[in-house]
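Any read-out appearing in this document is the output of simple, stated calculations on the displayed coordinates, not a laboratory observation. Remember, predicted model here, so these are calculated numbers, not experimental data. FYI the Cβ positions are ideal-geometry reconstructions off the backbone, even for glycines, and counts take in every protein chain you see.
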Amino acid sequence: MKLRRDVFQAIADPTRRTIISLVALQALTPTAIAENFDYSRQTISKHIQILTECEILGQEQKGREIYYRLNPNGMKEIADFIEPFRKLWDDRFNKLESVMKNYKSEK
Amino acid sequence: MEHKTIVKAEKEKQEILITRTFDLPIHLLFKAYTEADLVEQWMGNKVLKLENKPHGSYQFEKKDEKGNVLFRANGSIHTVNENQNIIRTFEMENTPFPVQLEFLDFEAINSETSKLIMKIVFKSVVDRDNMLQLPFAQGINMAHNELQKVIGQLK
């Protein structure tokens, strides 16, 4: 249950939410992440640290640089992370079903 | 109760399996994928092109009220077997996401029910995980934007 509370704490902050959506698109260095904000590098580092501690972000060493990305392995509650993906497809398929039921009755 | 749409994404694999049972005969399910005006209705995108034949292609687009393109995707259609399967690629334009390969298998369960098994293969495990987590990331941002809107109205 601890992790769950931590995840909520992590996403409660708008800056951290933005960081999550940035690294969801591609792995980024702390510098590249910080470029998206007016805050100091230190402030951004603090947010990255919290997200890493909550196992939302994972680190990846590429040469000299450390890249951050959404953490696929450490996410013990992976179901929580993929539920929005499942929901997206479920909604889409529900729509398909209703469109085709109307189509059938129109004929 | 088991969900109608099931997503299976095993760790360290570069594929996703999406399975869905429909209260529709198989020919109607298949039609939903091959007729442009039906695709537009359920996907909510404009269909710019849809050629359902081997070596055909498609392109979908979504614009906001002002005409700005919010989303555009395209792909090549490799195989189309009526009421059986479609094999195609999918790529979101202007995003870092690489192209993905999609296998759509249509199965009749009985005369009124059918099933779609969609297997999506990604360039890498990381690319798969990024795609899997995109709605999560967008979701929390959207929730945040909604909250901002509500707060904005209070002012």
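Below are the figures for this structure:
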| quantity | calculated |
| --- | --- |
| Members of A:K62/A:K87; A:K104/B:K115; A:K62/B:K11; B:K13/B:K63 lying beyond 29 Å, as alpha-carbon distances in this model show | A:K62/A:K87; B:K13/B:K63 |
| Shielding of B:93-103 by partner chains, average beta-carbon count, 10 Å | 1 |
| FRET efficiency, B:N110 to B:F90 (Cβ-Cβ, R0 30 Å, nearest 0.05) | 0.50 |
| Hits among aspartates and glutamates - C-alpha to C-alpha of B:K49 under 20 Å, sequence gap 8 or more where chains match | B:E35, B:D37, B:E40, B:E61, B:D64, B:E82, B:E91, B:E93, B:E102 |
| Cα-centred dipole magnitude for the protein assembly as shown, charges only on beta-carbon of K, R (+1) and D, E (-1), debye, nearest 20 | 360 |
| 28 Å tail of the calculated P(r), the protein assembly as shown, as % of Cα pairs | 42 |
| Spin-label proximity, B:H78 to segment B:8-47 - amide N less than 19 Å from point 7 Å beyond Cα toward beta carbon | B:13-19, B:34 |
| Spatial separation of Cα centroids for segment A:11-40 and segment B:44-110, in angstrom | 31 |
| Average beta-carbon neighbours from other chains, 10 Å sphere, peptide B:6-18 | 3 |
| Charge dipole (debye, nearest 20) of segment B:1-61; +1 at Cβ of Lys and Arg, -1 at Cβ of Asp and Glu | 100 |
| Average beta carbon contacts from partner chains per residue of A:94-106, 10 Å cutoff | 6 |
